[in-house]
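Heads up, the thing below is written out as structure tokens.
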Amino acid sequence: LEKEIAVVAEEERNRVGRELHDSLGQHLTGTGLLAETVAKQLEKENSAIRITARKVVNLIEQGIELTREIARGLYSSELDGDGLFSALESLSRSASVGRVTCEFEHSGRPPRSNELATQLYWVAREAVTNALKHAEPRNVRIQLQTTEDYLRLKVEDDGRGLRQHAMRDGIGLKVMAKRAELAGGTLRVEGAAQGTIVHCEIPLPEN
């Protein structure tokens, strides 16, 4: 039943992802082009207006990138092949805000299974989100290692760490654990000398 529910949820995510990519994404792109035209027309006008127009263009561009990132996460077919690497790289860029630096490292080949790629992406996204919301880190690192037998995802931060009740009762951790379980793997969360490390390990089926 859990797997059937996961399949239905995945289909709905795909639908929403396509709508975001095809409808909202194109709308924002058109709006951005129009805003860019206006900004260029104001180059010789009042400086305050010109600066404001340029800010509007930048905000729209950020909105386009955010829409693409969300769509990529929802629309799992975009995670096929090297798409998982691209999605995690995009996640690391979006998480590098203010004083926070987020890096993504990988070795081996991305998983061939679309389902595994989707589950891994959302585990990584939830782990990064938890770190940014609760740990106040300066550095976050996403590492994905693929061998012939295993997929190993590690997300670590140098923040203030998770309290025991958060590790026991946090809904985000439960969601990550369930995703790892549905993919046939395990999730482990541990404290580091400074910060938290999230491990997700998924055995790969034999060819």
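What follows draws every value from the coordinates through simple rules; no lab data is involved. The structure presented is a predicted model; accordingly, all values stated were derived computationally and were not measured. Reconstructed Cβ throughout: ideal geometry from the backbone, glycine too, with neighbour counts over all protein chains shown.
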FRET efficiency estimate (nearest 0.05) - Cβ-Cβ, L59 to R188, R0 45 angstrom: 0.70
Taking all pairs of distinct alpha-carbon atoms in the range 88-167, Kirkwood radius in angstrom: 13.2
For the range 32-41, Karplus couplings with θ = phi - 60° (6.51, -1.76, 1.60), whole Hz, Gly/Pro x: x, 5, 5, 5, 5, 4, 4, 4, 5, 5
Placed amide H near E103: partners under 5 Å, 5+ positions off or other chain: V140, R141, I142
Computed Rg/Rh of the range 99-142, alpha carbon atoms with Kirkwood Rh: 1.05
Cut-off under 5 Å, modelled amide H: who pairs with Y150 long-range: L204
